[in-house]
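Colleague: Dropping a structure here in structure tokens format, bear with me for questions.
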């Protein structure tokens, strides 16, 4: 996992672009889109429900949108088709500006799913399940402050649990 | 209280003291001066407009956890922010003139209290802004909730909140201001979510995912009453669209030329001027335009293009050397305007709507019938601003500029618009009467034809005749003698009623040939079949 930005809570346009605009990222996005197309075609819906940790330029969403994988309206996106998570207010607002109608969670992904806690956020409770979850982490999975276990790994585990619970 | 403020009057010895304003007034002001959150949000949009922004993006939907406003205006550094906004009411916007530097827009900000508005709708606010050619941006975090309790009365200023500043690096070419509101006040959030109506099971129209143009078309086509049929979130959007200096709809405000032609010129001049301000607001993906579209498409189809436009452009000088310039129009149609939100007059100062008054500034004459047939806009180009109250959505009605506009509008309506209205009203009544008469004639004919199996002609007679109704069976004619005294004794509205009964009676009389029982039976049968 790559480390982004000089300190948590900051937004640095150049650094972000270096991370999100690399050839590796584009390769992965292409594979994601291919997989999501298969997923959509096997669904009863005409679109997928995407949860993403996107960048302020929303590259992954742009690809999904171009390929008709997520549902759009005349004024933006269908809420149940697109959710993003972002904890830095400035980045959150920039992403939301690009994605009118999309569901946004101002907080970490870990907070969203309620990692290391009983239950999950009110939002996750009503928004799950998703067809595609793009956990494009830009912070280390094992942070210094996580003393015993990684909260991020907890969050991933919790995501699978939430998926099971919400899918019945 | 200071010693020098103490009043200690001695007999026959005058003493002078000053009347002062206590800091507590600010506490009251900061608790709320706007009757509606649309006015609070308008202040933030107006700040962006004054900062020469061309695009404003607002995001709140779908969850209303946050409310953000981003603009591409000139931005601020921390010093400017501190001077303009941290010290409420110290606006320096107009220190260098009445127009903005580059785009030459008339500056809206006057009181410097726009930011008070924010404290009414949220507890926490974050502002991030940068100016072109400065390689840093500042971030300010404000928490209003800490200061919601009363402060001591002796204080010279009222602390509205605590502001935490920080500077961070930014690209030189960037210029923007971003305001992120979190921990939205409960009332504001519930209003956006339309919680009360949902809980009460009141159904409202949902415009989610639609373009602004389609929303306005739908309101107009379905004659929706915005305050009843439309949810609070969409009401807010429509209100804001009406207030802020965004352009008109492509086919609005008046979609077809009026009967006398040419009078759309002033409207088109205004429309082009507003467009030249080059200001757009994207509210949750919906690009706002002024939601004014008249006449209703159905009305054009059914009634023809029967409406008038009264344009005006006036200049007045006052004894105190102040001036009042304004231009605008009154649109009038021959029936009630729908939606009702488009009945009335809008007064705009610096292209911002201050009031939308359905009563045309307390129109004093007894012609209230015609009021809902009219809509108008007045753009104040100079003057009247001094009459603005601090909330910027009402006026001091005693101000001479306001009095002048009020009288001008009332005269225009009374001596011009409503004079034409009366003519049209009479025309309409006469047309209606003629149509009704034709229908009545046809009904009477068909009754007589079926009773006597002959083809009758109906004639109205103005001469004094012995009987009100006469049937001439030899010449197949029915005479209705309008001047017979029997008609004079009853009210006009009951005449048709009486006429119908008399036709049936006369028919029964003719058919019964003197047999009273037969007359009675035919007459009652005729009445039973009679459809009014």
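Here, each number is a calculation from the coordinates, and none is a lab measurement. These numbers come from a predicted model, not from an experiment. Cβ placement follows ideal geometry from the backbone for every residue including glycine, while neighbour counts extend to all protein chains displayed.
Colleague: Return the calculated 222 nm mean residue ellipticity for chain A, to the nearest 500 deg cm²/dmol, obtained by summing -39500 (n - 2.57) across DSSP H runs with n ≥ 4 and dividing by the residue count.
Modeller: -13000 deg cm²/dmol
Colleague: Another question about this same structure. Within a 10 angstrom radius of each residue's Cβ in A:102-110, how many Cβ atoms of other chains show up on average? Whole number is fine.
Modeller: Mean inter-chain Cβ contacts per residue within 10 Å come to 3.
Colleague: Could you give the length gained by full extension between residue B:193 and residue B:465, i.e. 0.36 nm per residue of separation minus their alpha carbon distance, to one decimal place?
Modeller: 90.7 nm
Colleague: If I build a Gaussian network model for chain A, linking alpha-carbon pairs within less than 10 angstrom, which residue out of A:28, A:95, A:70 has the largest mean-square fluctuation?
Modeller: Largest GNM mean-square fluctuation: A:28.
Colleague: Gap in Å between the Cα centre of segment B:442-491 and the Cα centre of segment B:327-374?
Modeller: After rounding, the separation between the Cα centres reads 47 Å.
Colleague: Using the per-residue mean of other Cβ atoms lying within 10 Å as a proxy for protection, in what order, highest first, do the peptides B:45-56, B:194-205 fall?
Modeller: Ranking the peptides B:45-56, B:194-205 by packing returns B:45-56, B:194-205.
Colleague: Assuming 0.36 nm per residue, please report the length gained on full extension of the stretch residue B:134 to residue B:19 beyond their Cα-Cα distance.
Modeller: Gain on extension, residue B:134 to residue B:19, equals 36.9 nm.
Colleague: I've got another one for you. Less than 14 Å from a label point 7 Å out along the Cα-to-Cβ axis of residue A:163: which backbone N atoms in segment A:17-37 qualify, by residue?
Modeller: Answer for segment A:17-37: A:35-36.
Colleague: How much mean residue ellipticity at 222 nm does chain B get from its helices, if each DSSP H run of length 4 or more adds -39500 (n - 2.57) and you divide by all residues, to the nearest 500 deg cm²/dmol?
Modeller: So the calculated ellipticity at 222 nm is -10000 deg cm²/dmol.
Colleague: How high is the FRET efficiency from residue B:143 to residue B:64, r the C-beta distance, R0 25 Å, rounded to 0.05?
Modeller: E between residue B:143 and residue B:64, to the nearest 0.05, is 0.80.
Colleague: For a quick protection proxy, order the peptides B:139-145, B:286-292 by their average other-Cβ count within 10 Å, most packed first.
Modeller: Highest to lowest by the protection proxy: B:286-292, B:139-145.
Colleague: Sticking with this structure for a sec: For the pair residue B:399 and residue A:18, how long in nm is the line joining their label points, each one 7 Å along Cα→Cβ?
Modeller: Between residue B:399 and residue A:18, the simple spin-label model gives 5.6 nm.
Colleague: Take every residue in peptide B:139-145, count the Cβ atoms of other chains within 10 Å of its Cβ, and give the average of those counts.
Modeller: 1
Colleague: Can you pull the one-decimal nm distance between simple spin-label points at residue B:512 and residue B:457, each 7 Å off the Cα toward Cβ?
Modeller: 3.0
Colleague: Modelled label-to-label distance, residue B:280 and residue B:164, 7 Å Cα→beta-carbon offset: nm?
Modeller: 3.7
Colleague: Per residue of B:52-61, how many C-beta atoms from partner chains lie within 10 Å of its own C-beta, taken as a mean?
Modeller: Average per residue, whole number: 3.
Colleague: A follow-up question, please. Do you know the relative contact order of segment B:310-416, to the nearest whole percent, from alpha carbon pairs under 8 angstrom that are 6+ apart?
Modeller: Relative contact order here is 27 percent.
Colleague: Something else: Please check: in the Gaussian network model of chain A (C-alpha springs, under 10 Å), which one of A:135, A:53, A:82 has the largest mean-square fluctuation.
Modeller: Between A:135, A:53, A:82, it is A:135 that shows the largest mean-square fluctuation.
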